[in-house]
Amino acid sequence: MGEPLSRPILITGAGRRIGLALAHHLLNQQQPVMVSYRTHLPAIDVLEKAGAVCIQADFSTDGGIIAFGEEVKKRCSGLRAIIHNASAWVAESPRLPLSDVMHAMMQVHVNAPYLLNHALESLLRGHGHAASDIIHFTDYVVERGSDKHIAYAASKAALDNMTRSFAKKLAPEVKVNAIAPSLILFNETDDATYRQQALNKSLMKIAPGEKEVIDLVDYLLTSCYVTGRTFALDGGRPLA
Ligand SMILES: NC(=O)C1=CN([C@@H]2O[C@H](COP(=O)(O)OP(=O)(O)OC[C@H]3O[C@@H](n4cnc5c(N)ncnc54)[C@H](OP(=O)(O)O)[C@@H]3O)[C@@H](O)[C@H]2O)C=CC1
Ligand SMILES: Nc1nc2c(c(=O)[nH]1)N=C([C@H](O)[C@@H](O)CO)CN2
């Protein structure tokens with residue numbers, strides 16, 4: 001149904017973990033993919049060999065965000081979707097000035113999606129009803145706050161709110177939705193005690209892995225009706 005798979009899906013921060021898995025999943029479906037990466041990990045070379053267009057970008061400055069948007073516009077004439085995955089999970093710490101933490105969180109989780117959604121709007125429009133998507137990756141903590149990642153949670157809450165604003169602005173050509181995960185994937189540095197504590201916070205008591213996110217992205221991309229909504233991937237954590 002609809003046009004052949006020609007417009008790329010843009011995934012930010014796809015050099016590792018969920019973004020990287022999503023990029024390979026879409027490529028395996030013969031869906032063209034364009035990604036941003038900050039650190040040139042070997043996985044980027046593999047992605048390029050698999051056919052992805054990979055563009056280096058650091059969203060810690062507005063200049064870096066704007067330059068990335070300009071490069072995307074040079075490299076394609078339309079976009080099927082933008083998936084705002086790029087993120088840093090930074091806790092407040094005595095070693096970091098609080099203003100630096102808040103600034104860094106707002107840059108990657110708010111300024112980047114805000115500026116890129118505006119800059120790339122013309123690439124998303126003009127393809128028909130519900131023909132394009134924006135997906136914001138937020139977080140379960142938007143609902144509950146976080147005493148250890150206050151700036152992170154606040155920035156993700158702003159991103160959650162922008163989901164509804166952009167849904168109003170871009171409908172009906174472009175659907176805009178958010179995915180709010182809780183524990184999906186551990187970090188290599190997570191020790192056994194932390195891992196057990198984290199697993200116990202949900203009813204399902206697992207870290208499901210990237211496929212849980214990929215399956216929801218696939219659903220959102222196929223919908224012609226869902227927009228302005230946030231989808232929790234939290235294993236029943238609010239009920240635990
Ligand atoms: N993993 C989980 O359990 C959970 C994940 N989420 C959300 O899901 C999404 C994916 O999670 P996950 O794969 O763990 O994310 P990661 O933290 O592993 O990776 C995010 C990517 O974003 C990139 N990035 C970070 N800061 C910047 C920046 N300033 N400019 C450009 N790129 C940047 C990183 O680049 P680099 O490779 O250079 O570091 C990295 O490749 C995120 O939005 C996250 O908040 C939410 C809840 C739980
Ligand atoms: N950018 C990231 N955001 C988050 C991560 C991560 O690794 N990178 N991890 C989490 C945790 O899994 C948390 O959900 C556990 O309760 C949150 N956000």
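Exactly one residue among Asn161, Asn187 is open to solvent by 30 Å² or more (accessible area, probe 1.4 Å), under 18 Å from the mean Cα position of the chain (by Cα) and away from ligand 1 (no atom under 13 Å from the Cβ), and that residue is Asn161. The set of residues from the range 208-233 being open to solvent by 40 Å² or more (accessible area, probe 1.4 Å) and closer than 15 Å to Ser182 by Cβ comprises Pro208, Glu210, Glu212, Thr230, Phe231, Ala232. Is there a residue in the range 90-100 that is outside any loop (DSSP other than H, G, I, E, B), under 28 Å from Phe186 (Cβ atoms) and open to solvent by 60 Å² or more (accessible area, probe 1.4 Å)? Yes, because at least one residue in the range 90-100 is outside any loop (DSSP other than H, G, I, E, B), under 28 Å from Phe186 (Cβ atoms) and open to solvent by 60 Å² or more (accessible area, probe 1.4 Å). Among the residues of the range 191-198, are any touching a helix residue (DSSP H, G or I) at 6+ places or on another chain (Cβ under 8 Å) and either within 16 Å of ligand 1 (Cβ to nearest atom) or assigned to a helix (DSSP H, G or I) (or both)? Checked the range 191-198: no residue is touching a helix residue (DSSP H, G or I) at 6+ places or on another chain (Cβ under 8 Å) and either within 16 Å of ligand 1 (Cβ to nearest atom) or assigned to a helix (DSSP H, G or I) (or both). Among the residues making up the range 46-63, those that are part of a helix (DSSP H, G or I) and in contact with a helix residue (DSSP H, G or I) (Cβ under 9 Å, 6 or more places away or on another chain) are Val46, Leu47, Asp62. Within the range 227-240, residues that are over 21 Å from Ile18 (Cα atoms) sit with their Cβ atoms under 9 Å from residues that are in a loop (DSSP other than H, G, I, E, B) and open to solvent by less than 60 Å² (accessible area, probe 1.4 Å), at 6+ positions apart or across chains, in these pairs: Thr227/Ala130; Thr227/Ala171; Gly228/Ala171; Pro238/Tyr140; Leu239/Ser202; Ala240/Ser202. Residues in the range 101-140 that are more than 15 Å from ligand 2 (Cβ to nearest atom), open to solvent by 10 Å² or more (accessible area, probe 1.4 Å) and in a loop (DSSP other than H, G, I, E, B): 7 in all.
More than 10 Å from ligand 2 (Cβ to nearest atom) and either assigned to a helix (DSSP H, G or I) or touching a residue at least 40 places away in the same chain (Cβ under 8 Å) (or both): does that describe Asp160? The answer is yes for Asp160.
Take Lys168 and tell me if it is part of a helix (DSSP H, G or I), closer than 17 Å to Gly228 by Cα, open to solvent by 70 Å² or more (accessible area, probe 1.4 Å) and at pLDDT 95 or above.
yes
The values are calculated or read from the model by the stated rules, or taken from the named source; none is laboratory data. Bear in mind that the values here come from a model prediction, so they are computed numbers and not experimental data. With ideal geometry, Cβ positions are generated from the backbone for all residues, glycine too; neighbour counts draw on all protein chains shown. Surface areas here come from the heavy atoms of the whole protein model, side chains and all, with no ligands, DNA or RNA. Shrake-Rupley method; radii C 1.70, N 1.55, O 1.52, S 1.80 Å.
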